[in-house]
Structure formats: structure tokens, C-alpha cells
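Novice: Below are the C-alpha cells for one structure; questions will follow.
The values are calculated or read from the model by the stated rules, or taken from the named source; none is laboratory data. All of these numbers come straight from a predicted model, not from anything done at the bench. Ideal geometry is used to build each Cβ from the backbone, glycine not excepted, and the neighbour counts take in all protein chains shown. Side chains are part of the model used for accessible areas, which takes the heavy atoms of the whole protein and leaves out ligands, DNA and RNA. Shrake-Rupley method; radii C 1.70, N 1.55, O 1.52, S 1.80 Å.
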Amino acid sequence: MDGASNGGMLYHEVQESKLCAVHCVNTVLQGPFFSEFDLAALATDLDRKERQMMLDGGAASGDFLSVESHNVSLDGDFSIQVLQKALEVWDLQVIPLDSPVAEHAQVDPELENAFICHLQDHWFCIRKVNGEWYNFDSLYAAPQHLSKFYLSAYLDSLKGFGWSIFLVRGNFPKECPISSSEASNGYGQWLSPEDAERITKSCNSTLAPPQRIDPSQQQSNPFIPSGEAEISLDFSEMEDEDLKAAIAASLIDSFPATASSETGLPQNENQTSKEEHQ
């Protein structure tokens, strides 16, 4: 993306209830463009179209009309189809990273602009803003800067631990009027890169050096919603081997059940997802 968008500011949303899909879409777009009601309306429309297609295909109405929505759960989690529809409004495509169309992004992810990551009921966005990459996970108090090397290593680790990753391509909005949109979203905030770095360092200073996070201490961290795990660690000065171990350990700590059951990897903080990368 050419030039400094939004005056060089970063738009970030901190986790509210289970609205991570809303936060994910808005951080891809870098502004408070969608609310939970907007995504719910898209989900309802998708449900209606899917049911009509089933009726047109000869299915009996009783076979599916009583089934709960496949596009939004009762607790507010949205499907990838809803996120796709939302981003299509802005002429953006959502492409599975393992598809042939995204082959170049698998090799050189730093040349792209945005990725969406999903596991179980959590969504978050990794986005390039003003030429720099940031992790806009809503579980973080501020966007976390990612080096180009760490971007590739982190994406590979996520894939190794069962995350679904989607590439976002298209014409990203260049600007979002900050002055008029600040009050439109209670959980969004505009931060300078310097403020984001300061907040991140402040949060990381409360954690021990790279090691397993004690679950009993999670509730004392005001930036981690109840029941969610913090993956935040400062990797900026680590050697490659330390980086590998830290990425694996942080992912295992965050989603231990998924890591052990879906990947077959032991819950060992020195276990890496793939030894040949990062």
C-alpha cells in the first residue's frame, strides 16, 4: 500500500464479548466499518439463500428449516462465508492460503497485505499497514509489530497447529475518517505505531521471559478476557532457535487441546511445529 494511510495511525479493536469476527473484519479494513448487527444481517441473508437453494434442489422444508444457522452460532461466532461477504462489499477477496491461487503468498507472504486466521471460535487479522506488518489479534491490548522473518515463521506455526489461514486480496480502503468514526465503535481505538509498541512492551513486561504462561495468572491480566489465553511474547531480540521454541510454546499454551488432538504434537514447550522453517 502506497503512502501512509489514516495519517500513519493503526486501528485496533480489543476483544468485546465474542465479537472477534467483527474485530477481525474491521482491522482488515482498518476502521470501524462493521458492527455485530451488520454481520448478523449478512448471516441471516446467507441462511435464507442457502435454504432457498435447498428447496430449489428438492429438499423437504422439514429437513433443514429447524436446523440452527450455519453462519452464526448462538454465542455470536460467524462463519467464514459471513466474513467473505462483508469484505466483498469493499471489493476484497478471501482466499484459502493452501489454494493454488495463493501459491505465491505461501512463499513470500510479506508481499501480500492481509491474512485472516481462524481456530475453533476465534478470528484475528494479520495486516500490513504503511509498509509494516502487525498482528491485530483482539486478545492483545495493541497491535503487535511483526518483522518479515517472523511473519513467515508465525504463519507456518499457525498452520502446523491447525489454524485455518485465509489470504485477503483486493482494493483495501485507503482512508477512514478518524475524527468522525472514533465515537462509532466503543471497542475500537486509533494508535500510533509508537503507542502500540509502548503498550505491547508494557504488557510483555508483566510476563516472565519466554516460558509457559501460568493459567492461574491469566485472570489477573486486564487485557486477557475471561477464558481466553494470551499468546503475547516479545521475540525481537531472540535467536532463531529461541524463536522457534517460543512460537511453539505460546501456541501450545494458548490452545493446548487443539494442539494435542489435531496435530498430534506433545505439549512440550520446546516442540516446534516444523523444524525446517522459522
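Novice: What number of residues within segment 152-166 are in a helix (DSSP H, G or I), under 14 Å from PHE124 (Cα atoms) and among the hydrophobic types (A, V, I, L, M, F, W, C)?
Specialist: The qualifying residues number 2.
Novice: Could you grab the pairs with beta carbons closer than 6 Å, sequence gap of 6+ or different chains, first residue in segment 120-138 and under 19 Å from LYS174 (Cα atoms), second one in a loop (DSSP other than H, G, I, E, B) and open to solvent by less than 10 Å² (accessible area, probe 1.4 Å)?
Specialist: Correct list of pairs: CYS125/PHE136; ARG127/PHE136; TYR134/PRO143; PHE136/PRO143.
Novice: Test each condition in (1) assigned to a loop (DSSP other than H, G, I, E, B); (2) farther than 19 Å from GLU36 by Cα; (3) not β-branched (Val, Ile, Thr) for ASP137 and report the one that comes out false.
Specialist: So ASP137 meets the others, but not (2).
Novice: Here's something else I'd like to know. Residue under question is PRO109, and the condition is that it be modelled with pLDDT of 95 or more, crowded, with 20+ Cβ neighbours inside 10 Å and out of contact with any Pro (no Cβ under 6 Å at 6 or more places or on another chain); does it hold?
Specialist: yes
Novice: Mind listing just one residue for me: the one in segment 84-100 that is in a helix (DSSP H, G or I) and free of Cβ contacts under 8 Å to residues at least 60 places away in the same chain and, of those, surrounded by the fewest Cβ atoms within 10 Å (Cβ to Cβ)?
Specialist: Within segment 84-100, the match that is surrounded by the fewest Cβ atoms within 10 Å (Cβ to Cβ) is PRO100.
Novice: To continue, here is another question. Kindly provide the set of residues from segment 23-33 that are among the hydrophobic types (A, V, I, L, M, F, W, C) and at pLDDT 95 or above, ordered by number.
Specialist: Scanning segment 23-33 gives CYS24, VAL25, VAL28, LEU29.
Novice: Let me ask something else. Starting from segment 18-30, take each residue that is under 17 Å from ASN171 (Cβ atoms) and touching a residue at least 60 places away in the same chain (Cβ under 8 Å) and list its partners that are crowded, with 24+ Cβ neighbours inside 10 Å and of a type in the set (Gly, Ala, Ser), counting only C-beta distances under 7 angstrom and pairs at least six apart or across chains.
Specialist: Cβ pairs passing all conditions: VAL25/ALA86; VAL28/ALA114.
Novice: Starting from segment 154-174, take each residue that is closer than 24 Å to GLY31 by Cα and list its partners that are open to solvent by 10 Å² or more (accessible area, probe 1.4 Å) and of a type in the set (Gly, Ala, Ser), counting only C-beta distances under 7 angstrom and pairs at least six apart or across chains.
Specialist: Listed by first residue and then by second, the contacts come to LYS174/SER5.
Novice: May I ask you to say which residue of ASP137, ASP121 is open to solvent by 10 Å² or more (accessible area, probe 1.4 Å) and closer than 18 Å to VAL22 by Cα?
Specialist: ASP121 is the lone residue from the list that is open to solvent by 10 Å² or more (accessible area, probe 1.4 Å) and closer than 18 Å to VAL22 by Cα.
Novice: Residue under question is GLU36, and the condition is that it be in contact with a Leu (Cβ under 8 Å, 6 or more places away or on another chain), at pLDDT below 95 and open to solvent by 10 Å² or more (accessible area, probe 1.4 Å); does it hold?
Specialist: Yes.
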